[in-house]
Each structure stands twice: as structure tokens, then as C-alpha cells.
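Undergrad: Sharing a structure here in C-alpha cells format.
The values are calculated or read from the model by the stated rules, or taken from the named source; none is laboratory data. This is a predicted model, so every value here is computed, not measured. Backbone-built Cβ (ideal geometry, glycine too); neighbour counts: all protein chains shown.
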Amino acid sequence: MNKKAFTAATVILGLIGISTVVFFIVVIYFDKIDQTIGKYIISSMHKKQTIAENVQVTTEWTEITSEQLLEPTKRVQNVQLLIKNYKHYIHNPDFGNITLSDGTKVKPEIEIIDENGKVYKLKEGSRNGDFIGFSVDEKFHGSYSFPKDVKYKTIRIRSDEPFQCEKIIWYDYDLK
């Protein structure tokens with residue numbers, strides 16, 4: 001091999017090596033930027049506000065008043081329950097029920113009361129991980145989202161079968 005060919009091969013291999021290193025640095029750097037941007041986008045699309053923790057739900061109505069008014073600012077809202085001893089399985093043949101680990105089936109009744117005292121009945125609408133989401137049971141302005149012109153302050157909950165609710169969360173989010 002002559003000297004020019006050797007020099008050319010060395011330069012090409014060096015450029016390939018440098019390009020590879022630069023490529024991996026860019027991928028790692030942009031992955032971190034993408035994660036940061038992703039967290040920002042998700043946090044701007046979703047707002048979760050814990051209303052209560054460790055609530056014993058009984059056959060009698062329990063009223064929970066939020067320290068902060070619950071305000072619908074996004075497109076979709078619901079009240080989410082994290083129920084002790086409940087685990088959501090997407091392939092569960094008993095999907096429509098909330099079945100606890102001991103076989104007990106619970107059916108929470110939930111109402112939310114706005115700042116003017118108007119009561120809205122909520123219905124089960126979604127399951128997000130082990131959280132069960134409840135949304136308004138009637139249409140307002142063509143959708144099942146909460147009316148945007150009022151704020152909410154109180155949630156009432158009861159069930160024919162008592163259960164322990166680990167968390168109750170106000171979830172305000174955009175779909176996209």
C-alpha cells in the first residue's frame with residue numbers, strides 16, 4: 001500500500017470514528033432534551049390535585065371539601081379514586097365491576113358540588129392504571145366535560161359496600 005492510500009484510509013477511519021462518537025453524544029444529549037421537553041409537555045397537558053387521602057367510604061355520604069377550589073382549565077376533567085386492594089387488569093372478564101382482592105364488589109356513588117351549591121352526579125368513565133375516573137353524567141356544551149364557568153369545592157362519596165380509598169384526585173387534562 002502506498003503512502004497516499006494509507007493516509008487516505010487513516011483519515012477516513014478517523015472521520016468514521018469521530019462521526020460515531022459525535023453521533024452517540026448527540027443521541028444521548030437530545031434524548032435528555034427530549035425527556036425534559038416531554039415532561040414539560042405532559043405537565044402542561046395534565047394537572048392532578050389531591051383532594052383527600054385515606055378515606056373510609058361507607059354507606060353514608062362522606063363530604064370532602066377541597067382546600068383549593070377545583071377548576072376545569074383543560075378539555076377533560078374527572079375525579080379519580082385509588083381504592084385499596086383494587087388492581088386493574090385490562091383483560092379482566094369482570095371489567096365493568098370494581099372487584100377488590102377479597103372478591104368484594106364495590107360501586108361508589110360520587111357527587112361533586114360547585115361553588116354555587118349545584119350538585120352533579122358522576123359516573124365511572126375511565127380507568128388509568130389502578131385509578132378509576134368518574135366524570136359528569138350529563139352533557140354540557142356538547143361534551144361530558146365539567147362546565148367551565150364554575151369552580152368546584154366539595155365531593156360526596158358513598159357505597160353500598162364499604163371500602164378504603166387511598167386517594168381521591170381531581171384530574172384536569174387535555175387529550176393530545
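Undergrad: Output the number of residues of the range 105-120 satisfying the condition of being closer than 20 Å to GLU71 by Cα and either within 19 Å of the chain's Cα centre (by Cα) or surrounded by 13 or more Cβ atoms within 10 Å (Cβ to Cβ) (or both).
TA: 7
Undergrad: Sticking with this structure for a sec: Considering only residues of the range 132-147 that are of a type in the set (A, V, I, L, M, F, W, C) and out of contact with any His (no Cβ under 8 Å at 6 or more places or on another chain), which is modelled with the lowest pLDDT?
TA: PHE140
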